[in-house]
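The values are calculated or read from the model by the stated rules, or taken from the named source; none is laboratory data. The model shown is predicted, which means the values in this text are computed figures rather than measured ones. Cβ sites come from the backbone with ideal geometry, for glycine too, and all protein chains shown count toward neighbours.
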Amino acid sequence: MVDFEALLEADPDVMLFLGGMQPDTNMADLRATLESDAVTSKITAVQDGRVHPQGARYQGPILNLFQLEMTAKQLYPDQFGAWPTYEEGPYPEFPADEQLFDRERVAAAILGEL
């Protein structure tokens, strides 16, 4: 486990919070805690509003597709489109032209239609 001082020393540009998409996690509360703490409020990612949710460990290949899309949008919004500021709830909907993989094709593969 990394303490806040070590995190400040590393001073990341982006922080990805493992488990941030889980129903019992409130990203708004997490961000507020980081912003109000004397140490973590000095971290570049916190100051720049780049603290993002991530999925869970051991989530499997289908969820990994969504996780990759999420991470690409969080880290490289200019190339892949912006990830919305996420507070809580289900994975956000994106217009088809902003999706990084074909959901219908994945569904067809799961159903054995390919």
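Which residue pairs have Cβ atoms under 8 Å apart, sit 6 or more places apart or on different chains, and have a first residue in region 99-110 that is surrounded by fewer than 12 Cβ atoms within 10 Å (Cβ to Cβ) and a second that is among the charged types (D, E, K, R)?
Phe101/Glu69
Which condition from (1) loosely packed, with under 11 Cβ neighbours inside 10 Å; (2) within 19 Å of Leu75 (Cβ to Cβ) is the one that Glu9 breaks?
Glu9 satisfies every listed condition except (2).
Quick check, is Phe80 within 24 Å of Glu98 (Cα to Cα) and in contact with a strand residue (DSSP E or B) (Cβ under 6 Å, 6 or more places away or on another chain)?
Answer is no for this residue.
Among the residues of region 31-85, how many are of a type in the set (Ser, Thr, Tyr) and surrounded by 17 or more Cβ atoms within 10 Å (Cβ to Cβ)?
Of the residues in region 31-85, 2 are of a type in the set (Ser, Thr, Tyr) and surrounded by 17 or more Cβ atoms within 10 Å (Cβ to Cβ).
For region 12-69, which positions are assigned to a helix (DSSP H, G or I), touching a Pro at 6+ places or on another chain (Cβ under 6 Å) and modelled with pLDDT under 90?
Answer for region 12-69, where residues must be assigned to a helix (DSSP H, G or I), touching a Pro at 6+ places or on another chain (Cβ under 6 Å) and modelled with pLDDT under 90: just Met27.
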